[in-house]
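Beneath this line is the structure, given in structure tokens, with notes to follow.
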Amino acid sequence: MGFMLDTVGKIIAGYLQKEVPGYEPFTPSDPERLRGLIQPGDVLLVEGNNRVSGIIKYLTQSTWSHAALYVGPIDGASEPDGEPHVLIEANIGEGVTSAPLSKYYPYHTRLCRPVGLSFEDRTTVCRYAINRIGFGYDTKNILDLMRYLIPLPIPQRWRRRMISLGSGDPTKIICSALIAQAFGAVRYPILPKITRAASRQARREILHIRDSSLYMPRDFDISPYFEIVKPTIVLGFDYTALHWADTTKPSAEVADEADPFPAGIFETEDAPLAPDDAAATEAPAQDAGRELVA
């Protein structure tokens, strides 16, 4: 029985991992800028193009279907061409593995950076994820895989629960759950539940760590504790330096000499002078007046 469940689980996992043809990212990553900016502890969100990616994007109403943690070069893990593995991720049917950054160059990605995380805690987060390489996804838990095959649509109030339905150890190895566990190890918040405790003296907020199996890739995007780092603009962006294929002149409405804006809307008022500066400005004028009178 166990062998049969394992075989069926692998078949389902293989089906869900197949890519959907015709995928073209609207805004693919800039490899050079991404490689130059990403830091250990950063979370890389990915818009995937396989079957399970489409289902996760629907269930979470988000662009992002996958998340990976950047930990820097991992000893003993590299591609045949020598490129080091720098990402830790968890995939259905594969479990926790490492990967090179170039794996996601062709995809639409987003870089999320934990704000204020100390060097020591950042190291702990990365070490936590690295130590889980090799943890497998238990394909015997068919419920964890078959839930993705349930016909759509799903009522909105059930969508997030669909990701954790029947979750045991296998579900806790889903990509975003692995990263949530790593940050939970240093008590860094992602989207904590907040309750208010009233007392005679004061009210205070109590943060609770959510069950890691309930986290989705989009949670790192909307978290108030993660900064969105956009490689295209973070080092400076000059829109006038862009070369457009369309060289059409501006329309008459745009090129009209008449100013459509109220007078002075783009002008800045001179800041009032400090008393000492005002006195210094008035003194030469008074001296000049005396010379003219003389």
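In segment 79-116, the residue that is nearest to the chain's Cα centre (by Cα) out of those that are assigned to a strand (DSSP E or B) and aliphatic (A, V, I, L, M) is LEU111. The set of residues in segment 64-99 being more than 21 Å from TYR215 (Cβ to Cβ) and crowded, with 20+ Cβ neighbours inside 10 Å consists of HIS85, VAL86. Do the conditions hold for ILE38, that is, is it touching a helix residue (DSSP H, G or I) at 6+ places or on another chain (Cβ under 9 Å), more than 15 Å from TYR107 (Cβ to Cβ), β-branched (Val, Ile, Thr) and buried (at least 16 other Cβ atoms within 10 Å of the Cβ)? No, not satisfied.
I'd like the residue in segment 13-53 that is part of a helix (DSSP H, G or I) and charged (D, E, K, R) and, out of all such residues, is farthest from the chain's Cα centre (by Cα). Per the criteria, the residue is ARG51.
Quick check on GLY76: is it more than 18 Å from the chain's Cα centre (by Cα), of a type outside the set (A, V, I, L, M, F, W, C) and within 21 Å of ILE133 (Cα to Cα)? Yes, satisfied. When TYR58 is tested against (1) among the aromatic types (Phe, Trp, Tyr); (2) crowded, with 17+ Cβ neighbours inside 10 Å; (3) under 20 Å from ILE12 (Cβ atoms), just one condition goes unmet, and that condition is (2).
Values quoted throughout were computed directly from the atomic coordinates according to the rules given, and no laboratory measurement underlies them. Here the structure is a predicted model, which is why all the values come from computation and not from measurement. Virtual Cβ from ideal backbone geometry, glycine too; neighbours counted across all protein chains shown.
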